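Working notes for the structure below.
All of the numbers you see were taken from the coordinates with simple rules; none came from a lab. If you're wondering where the values come from, they're calculated on a predicted model, not measured in any experiment. Here the Cβ is made from the backbone with ideal geometry for all residues, glycine too, and neighbour counts use every protein chain on show.
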Amino acid sequence: MRVVEPVVELTRGLWTTLRSMFEKPVTIQYPEQKRPVRPRFRGRHVLKRYENGLEKCIGCALCAAACPADAIFVESAENTDEERYSPGERYASTYEINMLRCIYCGFCEDACPTEAIVLGDNYELSFTDRRQAIYPKDMLLEPVADVTMLTPQKTEPGVYTRSVPEMKDPSD
Amino acid sequence: MNFALVVEWLIKGVVLVLILLGGFAYLTYYERKALARIQVRIGPNRAGPWGLLQPIADAIKLIFKEEPTPARADKLLFILAPIVTLVPALVITAVVPWGPTMTVFGHKLTLYIADINVGVLYIMSVASISVYGIVLAGWSSNNKYAMMGGLRSTAQMVSYEIALSLAFISAILLAGTMRMTDIVEAQKSIWFVLLQPVGTAIFLIATLAEVNRPPFDMPEAEQELTGGYHTEYSGMKFALLFMAEYDKMIAICLIGATLFFGGFREFWFLANTIFSVDRMPWLGPIYIFIKIVILLFGMIWVRATFPRIRYDRLMAFGWKVLLPLSLAVVFITAVGIILAEQVNPLWMWGIPVVSLLVGVFAIAMIDRELRRKDYARR
């Protein structure tokens, strides 16, 4: 049947598309049904806390220095035992990330000495205003389980003496 | 002329236009759903149950959209062009019967607007008017892409119209009349698709080119022409062009069903049963609706399957393959009818056999051409 080969090939194409009509649709109904992200997905940043509620961020601004897009702005202030935000000497009094500038490279995560900033799994970052694109600290901070863990906390003197808190595995 | 007749015509005309406009809206829905299923998606399912209100949402969006007119565009023609494109697509269906003559409350009701004795000729002449709309849309937009789209459209439609008309002629010859109702009645015993399969194939291919459907949607090749003749159109004016395209699809499927697939006659396996249109005349519109839906699915299916072919090859196919083939088909049909009348009625079956042989010969010639080593370079 060499002569009618053009027709055979066209028919084969039509058959392929007709067969695909009876496959199960791959569509995911997005807003109702969300696909879990990959383990190494880099989404919106989260500022982590210790178990007692103190912030991991010590306001060193290394993340801001590492940021290639200059998206992070950090201003630090001194901790006192009456008003303690982080276990270190200082804390971030202002922490802002401009989500329009951020390229989600994860360098801030790598630069952070206390593993305070982590790129989470939230990718639904839509805003209607340029100002809304700047995420302040209270939006980035991890939520706490109960009110007593909120910062600032009042701590006993002599507990937090190090300028940089001790880490479990500094090489990590 | 009596007054009741005019009122009846008016009502039938309004109903037909409403059917075509509603049909356009739901044809877009049908196409999107069918395409989605072929591409293993779901398709529109947000507006209303199963997305059934999607066409209405689209219509509302198009009505409220801003309609800019390009600077230095020919304003009159720019506004006129969508109308000139749409009107032929609507009026072309006037001569096509949707069902047999029925008796409703003692009144004879015919399911067509006009039963003129040159129905097929009317269809051919009205079909060629819609070219003007597209050319004017392209020209008046003052945009080189629109202009190119309009020009391509003219060349393509003029070329394929000849093959299309010759395919019409094969049906006219078989029926021995140009009156649409008589053509349908002539297919009472056998559909013309069986008597003239090659003519039907030519008709189906040529209609794809005639209504600018993929794989012959050269006038609006978006990768090359950013939308072709409707590049500069938006809002309701765009909707009119869009509507014209889809109404042309419906109209051409209606005509194809009438000429080759038995029109409003029942399917062959229902002949002489209780479901025959002779027994139940109101089944006629339902049968033709089913036939239109099947033919439309064919168009959507072809769109989902084949890529757009190159412009020079489209023209080569039209002039070098379809035109000689359709001429041969008309000749074979005519000779077959003469032999059947003069010698033996069994000669009628010579028409499909010889036509298929000629069709295979044409395909073999295409195959030979495609296998030539220097084909890719040209």
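Could you tell me the calculated FRET efficiency between residue A:51 and residue B:67, based on Cβ-Cβ distance and R0 = 35 angstrom, to the nearest 0.05?
Numbers: r = 62 Å, r/R0 = 1.77.
So, using R0 = 35 Å, E works out to roughly 0.05.
Given a Förster distance of 22 Å, report the FRET efficiency between residue A:146 and residue A:99 from their Cβ-Cβ distance, rounded to the nearest 0.05.
Values: r = 29 Å, r/R0 = 1.32.
Taking R0 as 22 Å, the efficiency between residue A:146 and residue A:99 is 0.15.
For a quick check: sort A:134, B:252 by the number of other beta carbons within 10 angstrom, fewest at the front. Please list the in-between numbers first.
Numbers: A:134 17, B:252 28.
In order of increasing Cβ crowding within 10 Å: A:134, B:252.
In a GNM of chain B with a 10 Å cut-off on Cα contacts, which of B:325, B:357, B:21 has the highest mean-square fluctuation?
Its mean-square fluctuation being the largest, the pick is B:357.
In chain A, with Lys and Arg counted as +1 and Asp and Glu as -1 at Cβ, which of these residues, A:85, A:135, A:157, has the Cα nearest the positive end of the dipole, that is, farthest along it?
It is A:135, whose Cα lies furthest towards the positive end.
Go ahead and estimate [θ] at 222 nm for the protein assembly as shown from helices alone: -39,500 (n - 2.57) per DSSP H run with n ≥ 4, summed, over the residue count, rounded to 500. Provide the component values of the computation, followed by the final result.
Details: 18 runs with 273 residues, N = 550.
Here the helix-only value at 222 nm equals -16500 deg cm²/dmol.
Could you give each residue of segment B:45-51 its phi-based ³J(HN,Hα) in whole Hz, using Karplus coefficients 6.51, -1.76, 1.60 with θ = phi - 60°, and x for Gly or Pro?
For segment B:45-51, the Karplus-derived couplings read 8, 9, 7, x, x, 6, x Hz, x marking Gly and Pro.
For chain B, with only Lys/Arg (+1) and Asp/Glu (-1) charged at the beta-carbon, what is the dipole magnitude about the Cα centre, in debye rounded to 20?
Numbers: 32 positive and 25 negative charges, 195 e Å.
The calculated dipole for chain B is roughly 940 debye.
Under 20 Å Cα-Cα from residue A:48, which lysines qualify once same-chain neighbours fewer than 8 residues away are excluded?
A:56, A:137, A:154, A:168
Report the equivalent ellipsoid semi-axes for segment B:248-299 in whole Å, largest first, defined as the square roots of five times the eigenvalues of the gyration tensor built from alpha carbon atoms.
Largest first, segment B:248-299 gives 21, 10, 9 Å.
I'd like to verify something in chain B: which complete DSSP H helices, judged by Cα projection on the helix axis, reach 15 Å or more and average at least -1.0 on the Kyte-Doolittle scale?
The qualifying helices are B:3-38, B:75-91, B:119-140, B:144-175, B:197-210, B:235-260, B:283-305, B:323-342, B:350-371.
Can you pull the Rg over Rh of segment B:137-225, Cα-only, Kirkwood? If you can, show how the numbers build up before the last one.
Numbers: Rg = 16.9 Å, Rh = 14.7 Å.
Expressed as Rg/Rh, it is 1.15.
Could you state the principal axis extents of the C-alpha atoms in segment B:3-311, from the largest down, to the nearest angstrom?
The Cα atoms of segment B:3-311 stretch 60, 49, 41 Å along the principal axes, largest first.
Of B:358, A:125, B:240, which is farthest towards the positive pole of the protein assembly as shown's charge dipole, taken about the Cα centre with +1 and -1 on the beta-carbons of Lys, Arg and Asp, Glu respectively?
Among B:358, A:125, B:240, the one farthest towards the positive end of the dipole of the protein assembly as shown is B:358.
How many percent of the alpha carbon pairs in chain A exceed a separation of 22 Å? Each step should come with its number before you reach the end.
Values: 8360 of 14706 pairs.
Percentage above 22 Å: 57.
Report Rg (one decimal) and Dmax (nearest whole number) for the protein assembly as shown, counting Cα atoms only, units Å.
34.3, 120
Let me spell out the model: positive unit charges on the Cβ of Lys and Arg, negative unit charges on the Cβ of Asp and Glu, origin at the Cα centre of segment B:223-314. What dipole size does that give, in debye rounded to 20? Can you show the working numbers first?
On the way: 9 positive and 7 negative charges, 32 e Å.
That gives segment B:223-314 a dipole magnitude of about 160 debye.
Size of the dipole of chain A about the Cα centre, Lys and Arg at +1 and Asp and Glu at -1 on the beta carbon, nothing else charged, in debye to 20? Intermediate results must be reported in sequence, preceding the final value.
Details: 22 positive and 27 negative charges, 216 e Å.
Here chain A has a charge dipole of around 1040 debye.
Which of these, A:70, A:138, A:129, has the largest mean-square fluctuation under a Gaussian network model of chain A (Cα springs below 10 Å)?
Sorting by GNM fluctuation, first place goes to A:129.
From the phi angles alone, apply the Karplus equation (6.51, -1.76, 1.60; θ = phi - 60°) to segment B:65-72 and give each ³J(HN,Hα) in whole Hz, x where the residue is Gly or Pro.
Per residue, the Karplus-derived 3J(HN,Hα) values read 7, 5, 10, x, 9, x, 4, 6 Hz.
Which whole number gives the average count of other chain Cβ atoms within 10 Å of the Cβ atoms across peptide A:137-148? Each step should come with its number before you reach the end.
Details: counts 0, 0, 0, 0, 0, 0, 0, 0, 0, 0, 0, 0.
Whole-number average of other-chain Cβ neighbours for A:137-148 is 0.
Would you mind telling me which residue in A:31, A:68, A:136 has the biggest mean-square fluctuation in a Gaussian network model of chain A, where springs connect alpha carbons within a distance under 10 angstrom?
Its mean-square fluctuation being the largest, the pick is A:31.
Compute log10 of I(q)/I(0) for segment B:224-378 with the Debye formula, placing one identical point scatterer on every Cα and leaving out solvent, at q = 0.09, 0.10 Å⁻¹, to two decimals.
Per q value, in the given order, log10 I(q)/I(0) is -0.51, -0.63.
Identify, among B:47, B:140, B:70, the residue whose Cα sits farthest towards the positive end of the charge dipole of segment B:3-311, taking +1 on the Cβ of Lys and Arg and -1 on the Cβ of Asp and Glu, with the dipole about the Cα centre.
B:47
Take peptides B:310-320, A:33-43, B:290-300 and line them up by average Cβ neighbours within 10 Å, highest first, as a rough protection proxy.
Values: B:310-320: 15.2, A:33-43: 10.3, B:290-300: 17.8.
Listed from highest to lowest mean packing, they are B:290-300, B:310-320, A:33-43.
Run the quick spin-label model on residue A:34 and residue B:5: label points 7 Å from Cα toward the beta carbon, then report their separation in nm to one decimal.
Reported label-point gap for residue A:34 and residue B:5 is 7.0 nm.
Just to confirm my understanding: which cysteines in chain A have no other cysteine beta carbon less than 4.7 Å from their beta carbon?
A:57, A:60, A:67, A:102, A:105, A:112
Please sort by residue number the GluC sites (Glu not before Pro) in segment A:1-57 whose DSSP state is loop and whose Cβ has at most 15 other Cβ atoms within 10 Å.
In loop regions of segment A:1-57 (DSSP not H, G, I, E or B), the sparsely surrounded GluC sites (Glu not before Pro) are A:23, A:32, A:51.
Could you state the number of Å between the C-alpha centres of segment B:101-129 and segment A:1-62?
When both Cα centres are located, 53 Å separates them.
Plugging the Kirkwood radius over Cα pairs into Stokes-Einstein for segment A:76-172, at a temperature of 4 °C and a viscosity of 1.567 mPa s, what D comes out in µm²/s?
Numbers: Rh = 15.6 Å.
This corresponds to a translational diffusion coefficient of 83 µm²/s.
Net charge near residue B:127, counting Lys/Arg +1 and Asp/Glu -1 over other residues with Cβ under 10 Å of its Cβ?
Details: positive: B:248; negative: B:161, B:210.
It works out to a net charge of -1.
What ranking of A:10, B:20 emerges when the number of other C-beta atoms within 10 Å of each C-beta is taken as an exposure proxy, fewest first?
On the way: A:10 15, B:20 21.
Least crowded to most crowded, the residues run A:10, B:20.
Among the GluC sites (Glu not before Pro) in segment A:56-96, which ones are in a DSSP loop with at most 12 other Cβ atoms within 10 Å of the Cβ? Mind listing them? Before the final figure, lay out the partial values.
Values: sites: A:75, A:78, A:82, A:83, A:89, A:96; in loops: A:82, A:83, A:89.
For GluC sites (Glu not before Pro) across segment A:56-96 that sit outside H, G, I, E and B with at most 12 neighbouring Cβ atoms in 10 Å, the list reads A:82.
Would you order B:15, B:321, B:329, B:211 from fewest to most other beta-carbon atoms within 10 Å of each residue's own beta-carbon?
Result, fewest neighbours first: B:15, B:321, B:211, B:329.
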